[in-house]
Amino acid sequence: MLRYLLKRLTSLLLTLLVASVVLFVTIEIVPGDPASFMLGINAQPETLEALRSELGLDKSKPQRYWQWLTGMLQGDFGTSYTYKTPVAEMIGDRMWISLPLTLFALLLSTLIAFPAGIYAASRRGRIGDATVTGMTQLGVAIPNFWFAMLLVSFFAIKLRWFSSGGFVGWDQGLFAGLKSLLLPAIALALPQAAILTRVMRSSLLDVLSEDYMRTARAKGMSKRSAIWRHGLRNAMIPVLTILGLQFSFLLAGAIIIEKVFYLPGLGLLVFQSIAQRDLIVVESVVMLLVFAVVMVTFLVDLAYAWVDPRLRARS
Amino acid sequence: MKLRTLVPGSLLVLLFLGAALISFVWTPFDVTKLDIPNKLQSPSFGHWFGTDQLGRDIFSMIMVGARTSIAVAFIAVGIGMLVGVPLGLAAAANQGSVIDELIMRTNDLVFAFPALLIAIMITAVFGPGAVNAIIAIGIFNIPVFARLTRGAALSLWSREFILAAKVAGKRATRISIEHILPNILNLLIVQGTIQFSLGILAEAALSYVGLGAQPPIPSWGRMLAESQTLVSLAPHVALFPGFAILLTVLGLNLLGDALRDWFDPRLQRLRS
């Protein structure tokens, strides 16, 4: 297991390194000089040069890449071209909305999908199965930002149970914070829960037709015990794949949902930064999100190895 | 094949495909023509789905929006499948080799950038637009299909019938095409369906945040973005584009389910 872990860890670091190069090069292609953008068209050449030197823009590209990379490793993401504040500080403030929102949605999605998928698979062909399958068809098809707009329209504007947008802040207490994030998290989670339910159901159905499941039943094991003891573990591989994929969908989806609810998270920061051509912020936020996605993929791979020792042995 | 999924699925897909095709030659109203005195009209005989905040006919905009959504999603899934599936098969056939490692690590790299992040980067560099949306969604689809194909193919490579084919002297490429691919087609279609739905949804989401198709081309996502502040005042402005996305995706999923039954006789027998 240790060898497998080291191998995956090495590939994780390589992926992050290459991703950082790709990101840096992509952003470097963007025409225009941040210093000229910050100072405007009437800036004096000397002032411009001084600012370029202050921002490190007068250095060569490899030097700037190295400075950016080593800075990030120490938690220094540079200074925003527009706001003149440390990017790390800006990201830190916004992350306390985006990350809890993503995790809240992932939790809701899993809590809905696992029981629903197992229930539907164990009642294949019956009314319960048809109902769950029908609901998932609708759930998969709903655009989450439209669903979010409907939630706001009904629960915030009509019933006035929730605020229609914004975030109260964690200093108002955990409950108030979670309440602010509940509608966005539901909007984010439901379509993903529908996908996960479908995968859970179809994966479990595949496993149920395997010989070892028939053997388990023939040995006198009840259907429920056979599912719990043998079926679920074997059905988990496709489910874990989708769960891993969902994290990046939720993270990216959170950016969209934040727009619907006017949540001051990373999404809003990215869109503002694109509009203001504050590329150092875009670069840093994207790199951070890439880091999160790569870490989750790594954890899913470890979970594979735990669920299916054959994969570990083959690696 | 289950008629109850095939018929409604096909009808919905044909409905929106038809609307998209007809919009090339005819729409009830010109979608670029503003008619401010008639803004926010409720659905009526003249304007079936009402008008938006600029007096444009929503029915006509949905017809034209259909071709944007369908084209973007279709091409993006095509890119994902055409590149991802062969990569996944090659990786599984050469498991543990340098090729496998290289393919999977490149996949990890692309996979590390969710579609929206790719779109943000592409937008920052080349500016927003439908083509950039296709590229962003397409690039994201490649590792999805590659990983799925590799995972499914790997579990088949240890099965007896594959060993028999190897003993018979068949080469890895031939085994992948003749034995592995037909056996994972079911999974690919299910995933293809999900990715197509996601493609439609992703295009709408990108347009919603202003990174997809640009004005004056109508797009369902942008229609929703423009209607956001009008939901309580004129709900029809937000309801119809939302339902258009919902029904198209629903239709594609139902059709995908029916095709899955058709491709997999084992599943068909089990279900009947």
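So the values come out like this:
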{"read-out": "Unique residue being out of contact with any Asp or Glu (no Cβ under 6 Å at 6 or more places or on another chain) and at pLDDT 90 or above when the list is B:Gly50, B:Gly129, B:Gly65", "value": "B:Gly65"}
{"read-out": "Where A:Gly166 falls short, out of the listed (1) among the small types (Gly, Ala, Ser); (2) within 12 Å of chain B (Cβ to nearest Cβ); (3) surrounded by fewer than 20 Cβ atoms within 10 Å (Cβ to Cβ)", "value": "(2)"}
{"read-out": "Candidates B:Gly210, B:Gly192, B:Gly199, filtered to the one that is of a type outside the set (D, E, K, R), in contact with a helix residue (DSSP H, G or I) (Cβ under 8 Å, 6 or more places away or on another chain) and within 16 Å of B:Pro114 (Cα to Cα)", "value": "B:Gly199"}
{"read-out": "Matching residues, the stretch A:191-219, being within 23 Å of B:Leu148 (Cα to Cα) and either of a type in the set (Phe, Trp, Tyr) or open to solvent by 50 Å² or more (accessible area, probe 1.4 Å) (or both)", "value": "A:Asp206, A:Glu210"}
{"read-out": "Any hit, the stretch B:231-239, residues being in contact with a helix residue (DSSP H, G or I) (Cβ under 6 Å, 6 or more places away or on another chain), in a helix (DSSP H, G or I) and among the β-branched types (Val, Ile, Thr)", "value": "yes"}
{"read-out": "Hits in the stretch B:1-19 (condition: in contact with a Ser or Thr (Cβ under 8 Å, 6 or more places away or on another chain) and under 19 Å from B:Trp48 (Cβ atoms))", "value": "B:Leu12, B:Phe16"}
{"read-out": "Residue in the stretch A:50-57 that is open to solvent by less than 70 Å² (accessible area, probe 1.4 Å), closer than 25 Å to A:Leu269 by Cβ, in contact (Cβ under 8 Å) with a residue 24 or more places away in the chain and in a loop (DSSP other than H, G, I, E, B) present", "value": "yes"}
{"read-out": "Any chance A:Asp93 is away from chain B (no Cβ under 14 Å), among the acidic types (Asp, Glu) and part of a helix (DSSP H, G or I)", "value": "yes"}
{"read-out": "Residue identified as open to solvent by less than 10 Å² (accessible area, probe 1.4 Å), of a type in the set (A, V, I, L, M, F, W, C) and more than 9 Å from every other protein chain (Cβ to nearest Cβ) among B:Phe161, B:Phe145", "value": "B:Phe145"}
{"read-out": "Criterion (out of contact with any Pro (no Cβ under 7 Å at 6 or more places or on another chain), surrounded by 15 or more Cβ atoms within 10 Å (Cβ to Cβ) and within 25 Å of A:Lys179 (Cβ to Cβ)) met by exactly one of A:Leu111, A:Leu99, A:Leu107", "value": "A:Leu99"}
{"read-out": "Pairs, first part of a loop (DSSP other than H, G, I, E, B) in the stretch A:150-170, second open to solvent by 80 Å² or more (accessible area, probe 1.4 Å), C-beta under 8 Å, six or more apart", "value": "A:Phe162/A:Lys179; A:Gly165/A:Tyr262; A:Gly166/A:Tyr262; A:Val168/A:Lys179"}
{"read-out": "Test for B:Arg260: is it buried (at least 21 other Cβ atoms within 10 Å of the Cβ), of a type in the set (D, E, K, R) and assigned to a helix (DSSP H, G or I)", "value": "yes"}
{"read-out": "Verdict on B:Ala92 being away from chain A (no Cβ under 12 Å) and surrounded by 18 or more Cβ atoms within 10 Å (Cβ to Cβ)", "value": "no"}
{"read-out": "Cross-chain or 6+ apart pairs with Cβ under 8 Å, the stretch B:198-212 first and touching a residue at least 12 places away in the same chain (Cβ under 8 Å), then among the basic types (Lys, Arg) and open to solvent by 10 Å² or more (accessible area, probe 1.4 Å)", "value": "B:Ser207/B:Arg222; B:Tyr208/A:Lys259; B:Tyr208/B:Arg222; B:Val209/A:Lys259; B:Gly210/B:Arg222; B:Gly212/B:Arg222"}
{"read-out": "Boolean, B:Ile120 is at pLDDT below 85 and crowded, with 24+ Cβ neighbours inside 10 Å", "value": "yes"}
{"read-out": "Single residue of the stretch B:194-207 satisfying the filter (among the polar types (S, T, N, Q) and more than 9 Å from chain A (Cβ to nearest Cβ)) that is farthest from B:Asn253 (Cα to Cα)", "value": "B:Ser207"}
{"read-out": "Answer residue from the stretch A:220-272, given it is open to solvent by 30 Å² or more (accessible area, probe 1.4 Å) and within 12 Å of the chain's Cα centre (by Cα) and is farthest from the other protein chains (Cβ to nearest Cβ) among those", "value": "A:Leu243"}
{"read-out": "Matching entry among B:Leu254, B:Leu230, B:Leu267 (being modelled with pLDDT under 80 and open to solvent by less than 30 Å² (accessible area, probe 1.4 Å))", "value": "B:Leu267"}
{"read-out": "Some residue of the stretch A:178-187 being assigned to a loop (DSSP other than H, G, I, E, B), at pLDDT 85 or above and either among the basic types (Lys, Arg) or not assigned by TED's automatic domain parsing to the domain that holds A:Ala120 (or both)", "value": "no"}
{"read-out": "Residues located in the stretch A:150-164, provided they are more than 14 Å from A:Leu190 (Cα to Cα) and hydrophobic (A, V, I, L, M, F, W, C)", "value": "A:Val152, A:Phe154, A:Phe155, A:Ala156, A:Ile157, A:Leu159, A:Trp161, A:Phe162"}
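Here is a yes/no grid of residues against (1) within 30 Å of B:Leu116 (Cα to Cα); (2) in contact with a Gly (Cβ under 9 Å, 6 or more places away or on another chain); (3) not acidic (Asp, Glu):
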site	(1), (2), (3)
A:Ile186	yes, no, yes
A:Ala194	yes, yes, yes
A:Arg198	yes, yes, yes
A:Tyr212	no, no, yes
A:Arg217	no, no, yes
A:Met221	no, no, yes
A:Ala226	no, no, yes
A:Ile242	yes, no, yes
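The values are calculated or read from the model by the stated rules, or taken from the named source; none is laboratory data. It should be emphasised that the depicted structure is a prediction, and the values quoted were computed from it without experimental measurement. Using ideal geometry, Cβ is built from the backbone for each residue, glycine included, and neighbour counts are taken over all protein chains shown. The area values use the complete protein model at the heavy-atom level, side chains included, leaving out ligands, DNA and RNA. Shrake-Rupley method; radii C 1.70, N 1.55, O 1.52, S 1.80 Å.
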